[in-house]
1. Picking from Glu349, Glu356, which residue would you name as being crowded, with 19+ Cβ neighbours inside 10 Å and either hydrophobic (A, V, I, L, M, F, W, C) or out of contact with any His (no Cβ under 8 Å at 6 or more places or on another chain) (or both)?
2. Identify all residues within segment 59-96 that are among the charged types (D, E, K, R) and surrounded by fewer than 22 Cβ atoms within 10 Å (Cβ to Cβ); write none if there are none.
3. Those residues that are more than 24 Å from Asn335 (Cα to Cα) and in contact with an Asp or Glu (Cβ under 8 Å, 6 or more places away or on another chain), I need them from segment 378-394; list them, please.
4. From the list Glu368, Glu405, Glu337, exactly one residue is under 29 Å from the mean Cα position of the chain (by Cα) and at pLDDT below 95. Which is it?
5. With respect to Ile602, determine if the residue is modelled with pLDDT under 70, β-branched (Val, Ile, Thr) and at negative phi.
6. Which residue is nearest to Ala204 (Cα to Cα), if the candidates are limited to segment 98-112 and must be small (Gly, Ala, Ser) and touching a helix residue (DSSP H, G or I) at 6+ places or on another chain (Cβ under 8 Å)?
7. Across segment 401-416, what is the number of residues that are more than 18 Å from Ala473 (Cβ to Cβ) and in contact with a Lys or Arg (Cβ under 9 Å, 6 or more places away or on another chain)?
8. Any chance you could count how many residues in segment 345-404 are closer than 20 Å to Ala586 by Cα and in a strand (DSSP E or B)?
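The values are calculated or read from the model by the stated rules, or taken from the named source; none is laboratory data. Remember, it's a predicted structure, so these values are computed and weren't measured experimentally. Every residue, glycine among them, receives a Cβ derived from its backbone with ideal geometry; neighbour counts consider all protein chains shown.
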Amino acid sequence: MVGIEENFAAFDGADEILRGWADGLRPDPDHTVPTWADENRILSPRGANEAGPWRTSRTPYLREPMNALSPCSPYQRIVLMKGAQLGGTECGNNWIGYVIHHAPGPMMAVQPTVELARRFSQQRIEPLIEECPVLRERVAPPRSRDSGNTILSKEFPGGILVMTGANSAVGLRSMPARYLFLDEIDAYPASAGEEGDPVALAEARTRTFAWRRKVFLCSTPTIRGISRIEREYEASDQRKYFVPCPHCGEKQVLKFERLRWEKGHPESAAYFCEHCEARIEERHKTFMLENGEWRATAVSADPLTVGFHISSLYSPHGWLSWERIVREWEAAQGNDEALKGFKNSVLGETWVESGEAPDWQILCDRRETCHIGIVPKGGLFLTAGVDVQKDRIEADIWAWGRGLESWLVDHIVLNGGPDDQQVWDDLTALLTRTWPHENGPQLTIAKLAIDSGHAAPAVYSWTRKMGSPQVIAVKGVDSFNRASPVSGPTYVDATEGGRKIRRGAKIWTVAGSTFKAETYRFLRLARPTAEELAQGVLFAPGTIHLPQGTTDDWIKQLTAEQLVTVKTKRGFSKFEWQKIRDRNEALDCRVYARAAAWLVGIDWFHERKWKELEQQVGVVKDEEGLQPDKPAERIAGVLHTKHSSKHKVHRSSYLD
């Protein structure tokens with residue numbers, strides 16, 4: 001080495017060249033990620049509840065996952081399935097800081113969307129760099145010339161950190177990566193554009209680094225059989241954190257069923273040892289966590305993969321308490337969606353969807369006295385779901401209100417195949433038809449979603465001809481996606497006058513499984529009794545109302561599928577919707593109408609928007625100073641007139 005230094009001495013910049021050459025030869029350090037974090041990490045008040053120096057002793061259960069992320073660990077894939085309030089993302093952030101400081105190389109961090117990646121960069125990565133002097137030395141300030149520091153890209157000597165979204169196929173294949181941080185993978189879309197599973201696309205970026213690669217997959221789980229993190233965890237050695245009882249010393253995994261309290265008094269919550277039945281108080285948590293250990297409970301399908309699962313019952317003292325967990329549990333009773341959130345985010349476990357079809361006879365008995373073709377008082381805007389068959393087009397008109405409460409307003413059959421121009425003219429007429437509201441105004445369809453699964457060229461030609469945001473073409477896929485059940489638009493080829501137009505039509509993809517499961521869950525909701533309704537008790541959010549004229553055959557179609565578990569070629573379980581009756585048009589139309597309501601924005605309307613809609617249909621009086629920020633026709637399709645449509649349509653025999 002000395003001789004080489006002498007030979008280079010005569011050249012300008014020799015010292016820098018030699019240092020770079022020596023750095024390239026130097027092996028990865030034995031220094032571990034948790035040791036680095038304890039020595040260098042400063043938590044910023046911008047993104048941490050407990051700002052100041054990082055202490056792994058505060059979250060001892062993160063030590064082993066961070067050790068596995070260290071270069072000296074033989075593991076290449078690290079899986080963390082977790083509850084909320086546990087510091088899982090900070091575990092990945094510590095790894096990012098370590099890589100920049102000690103083991104530089106190309107690194108990619110993937111969030112569910114590009115927008116979330118930007119937020120992750122601004123709220124997590126920028127404070128990480130700003131608060132740690134050793135990182136500030138290596139990452140240039142974003143405002144300096146040629147710094148290589150942008151919102152989604154951070155350059156440092158020997159490497160680069162690129163942040164992207166799982167919805168961006170271009171971002172996922174932008175570069176080879178030695179290190180890959182996949183955060184909240186259960187919120188990833190089913191496909192990155194049209195290029196397939198985003199996890200698989202991202203992992204393909206690490207192949208050229210062979211045994212030197214590291215992949216960290218971290219997420220709270222979602223639905224059994226669909227959850228990516230559950231699938232990855234079940235293929236691992238399935239480690240669980242065993243903590244000792246402060247009384248008998250026996251180690252155990254914390255389970256929700258061992259948490260006990262007096263009914264109605266969450267403040268009395270305490271844990272009871274499964275070995276000695278002794279009462280364990282919240283204050284004992286610190287001792288238990290400090291003396292806990294990870295134990296494998298299975299044999300990994302891949303010896304280079306290690307998996308960890310931990311629930312929020314382990315949340316350190318002063319964070320999420322057992323009392324708060326009990327309060328969340330009690331508040332979730334009777335609400336499947338809230339129970340699902342509790343199981344996912346608190347227990348870190350998957351939710352089992354109840355895919356059994358509701359009893360159609362019970363639904364028949366629940367039919368209400370409201371009239372066909374009339375929008376009930378609670379309905380604030382209309383959407384339509386349209387299904388194209390070889391000899392007809394069927395359309396269901398649904399009214400939507402607060403809390404996703406919905407009413408079937410009409411079912412219409414337009415006779416004629418996709419090649420019959422008259423049937424498309426009749427469908428066009430539906431866009432201007434009005435339905436009277438109980439309070440007087442006339443409502444038109446705010447948005448119509450038509451399935452393109454059959455006769456796609458004809459559907460694309462019609463939607464292109466309409467050229468209006470009131471009409472969208474949709475394509476259903478049999479998958480769950482709670483983060484974004486409707487995605488798009490993407491562009492497809494269309495024809496017009498026999499001429500092919502490249503990318504001439506727009507199409508939205510609908511995760512049918514999500515809306516089918518939601519529909520069945522809503523159909524099972526308990527109803528208030530007549531006495532309760534007289535006393536002012538409201539229907540539960542999500543309640544689906546069917547008018548008295550709805551026929552048995554239509555209700556059978558609404559419940560024509562069930563969710564079953566099937567095995568994949570790799571041996572994993574997955575859910576699949578299968579028909580139990582030949583005809584399911586009513587269920588399909590419901591899914592498309594629900595997708596249209598999602599695109600209108602019903603899932604995130606704020607209180608002001610609800611009041612605007614209620615004012616338009618006369619549910620509440622105008623309040624001083626409260627004006628709709630869009631015309632009525634653009635928000636809810638409301639026309640404050642008394643006339644009826646001139647267009648003739650044929651109401652289906654499904655509605656008497």
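1. Numbers: Glu356 fails: crowded, with 19+ Cβ neighbours inside 10 Å.
Going through Glu349, Glu356 in turn, just one is crowded, with 19+ Cβ neighbours inside 10 Å and either hydrophobic (A, V, I, L, M, F, W, C) or out of contact with any His (no Cβ under 8 Å at 6 or more places or on another chain) (or both): Glu349.
2. At the first step, the residues of segment 59-96 found to be among the charged types (D, E, K, R) are 63-64, 77, 82, 90.
Matches in segment 59-96: Arg63, Glu64, Glu90.
3. If we filter segment 378-394 for residues that are more than 24 Å from Asn335 (Cα to Cα), which is where we start, we get 381-394.
Matches in segment 378-394: Ala384, Gly385, Val386, Asp387, Val388, Gln389, Ile393, Glu394.
4. On the way: Glu368 fails: under 29 Å from the mean Cα position of the chain (by Cα); Glu405 fails: at pLDDT below 95.
Selected residue: Glu337, the only one of Glu368, Glu405, Glu337 that is under 29 Å from the mean Cα position of the chain (by Cα) and at pLDDT below 95.
5. On the way: modelled with pLDDT under 70: no; β-branched (Val, Ile, Thr): yes; at negative phi: yes.
Judged against the criteria, Ile602 is not a match.
6. Taking segment 98-112 first, the residues small (Gly, Ala, Ser) are 103, 105, 109.
Restricting the remaining residues to those that are touching a helix residue (DSSP H, G or I) at 6+ places or on another chain (Cβ under 8 Å) gives 105, 109.
Values: Gly105: 16, Ala109: 14 Å.
Looking at residues that are small (Gly, Ala, Ser) and touching a helix residue (DSSP H, G or I) at 6+ places or on another chain (Cβ under 8 Å), I get Ala109.
7. 10
8. 19
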